[in-house]
Amino acid sequence: MKQLIFLFTLISVLATSVMARNFTYELTPHIGKNFMDSNYRMGDSTVLGLNFDTFFTDNFGLRVGYDRLLDMEVDESDDATINRFYFNGIARYKVPNYAVTPYVFAGIGHESCEDNDCPSAWFKDIGLGLGLGISCNMKISPEIKVVNRERKCGTDCDNLTDVVATLGATYSFGEPEVIEKVVKVNVPVEKIVTKEVRVPVEVEVPVETCNVPTKFKDRCDNSYYIQVAGAPLCPTCEPKIRDKKLLRKLQSGGYNYHVHGAVTKSGDRVAKVLIGPYQCKRDAYAEICHIKKEFQCDAFIYSKW
């Protein structure tokens, strides 16, 4: 009966996560050691398991998991195999500019033996871990947690406390919905480069009525671009844009463009789609109205220098 209750809770959590609009999933197979601290005369054992995490925001999510404890000695004679199912809340913090994500988790679960030498029990667990990114979708995840429960053996009770240390390989899949959208990102000037300086002069160019200034300080050093789109990036990702429709339109229109990576004031990495370069600022302004109309976007002038 207890297993059926836990299974129903697990199915409910998975169904809720699938219906969420913005989500990410993480799947983590792991291996480690279970260290027992009790008077129940049960030895330490090897742990094999699998965690499934679903995040509803950047920082908070839910976990369902399974651990299998192998070859646990009972009464210094027989071996037992224990199955653990658990349900946790999880909170994480993504360190800006680093592929490091510390997190904590806590919850409840149920364990049972495959033989009758040890009784089943509900337990509480709490722990912490550290995600170390090695690629856009992969990270190494060492964890340590404490498991506490009470077992009844006849008229005796024993308060069991285990320490479980594991090492896992986490694969992330599913993207927040915002990643698929073209968004405008205000990016500061990344660097100042000493180079040949030409005295700016005020020029006047004919423009359409699309909020383009008629007078501005011009410079002709081949450093001007028109930005038409932007999207956030993970700390280790190569600059890329997932809006395939926009990229196909740029290619079919014969535009000279590239995807450029940059960092915002808040420390977040972004990818920008830039058309150009243009020799002078007035050349970029002469094209921006046409580009705004064709791509239906709030395009603006961007300079790398």
For segment 246-264, indicate whether the set of residues that are under 30 Å from residue 93 (Cα atoms) and loosely packed, with under 15 Cβ neighbours inside 10 Å is non-empty.
yes
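Yes/no matrix, rows are residues, columns are (1) modelled with pLDDT of 85 or more; (2) in contact with a helix residue (DSSP H, G or I) (Cβ under 7 Å, 6 or more places away or on another chain):
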{"position": "18", "(1), (2)": "no, no"}
{"position": "21", "(1), (2)": "no, yes"}
{"position": "29", "(1), (2)": "yes, no"}
{"position": "39", "(1), (2)": "no, no"}
Kindly indicate the residue of segment 96-133 that is within 20 Å of residue 58 (Cβ to Cβ) and in a loop (DSSP other than H, G, I, E, B) and also nearest to the chain's Cα centre (by Cα) among those meeting that condition.
99
Could you list, in sequence order, the residues of segment 139-160 that are at pLDDT 75 or above and not polar (S, T, N, Q)?
139, 140, 142, 143, 144, 145, 146, 147, 149, 150, 160
With 136, 210 as the choices, which residue is in a loop (DSSP other than H, G, I, E, B), modelled with pLDDT under 80 and not assigned by TED's automatic domain parsing to the domain that holds residue 274?
136
Taking the conditions exactly as written (in contact with a Pro (Cβ under 9 Å, 6 or more places away or on another chain) and either in contact (Cβ under 8 Å) with a residue 40 or more places away in the chain or surrounded by fewer than 15 Cβ atoms within 10 Å (Cβ to Cβ) (or both)), does residue 278 satisfy them or not?
no
Please enumerate the residues belonging to segment 255-287 that are under 16 Å from residue 297 (Cβ atoms), assigned to a strand (DSSP E or B) and among the charged types (D, E, K, R).
272
Being out of contact with any strand residue (DSSP E or B) (no Cβ under 7 Å at 6 or more places or on another chain) and either surrounded by 15 or more Cβ atoms within 10 Å (Cβ to Cβ) or modelled with pLDDT of 85 or more (or both) narrows 221, 243, 268 down to just 221
Apart from one, (1) over 30 Å from residue 96 (Cα atoms); (2) among the basic types (Lys, Arg); (3) modelled with pLDDT under 80 all hold for residue 293; the odd one out is (3)
I'd like the full set of residues that are buried (at least 21 other Cβ atoms within 10 Å of the Cβ) and either at pLDDT 90 or above or on the phi > 0 side of the Ramachandran plot (or both), limited to segment 64-84.
64, 65, 67, 84
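The values are calculated or read from the model by the stated rules, or taken from the named source; none is laboratory data. These figures come from a predicted structure and were not determined experimentally. With ideal geometry, Cβ positions are generated from the backbone for all residues, glycine too; neighbour counts draw on all protein chains shown.
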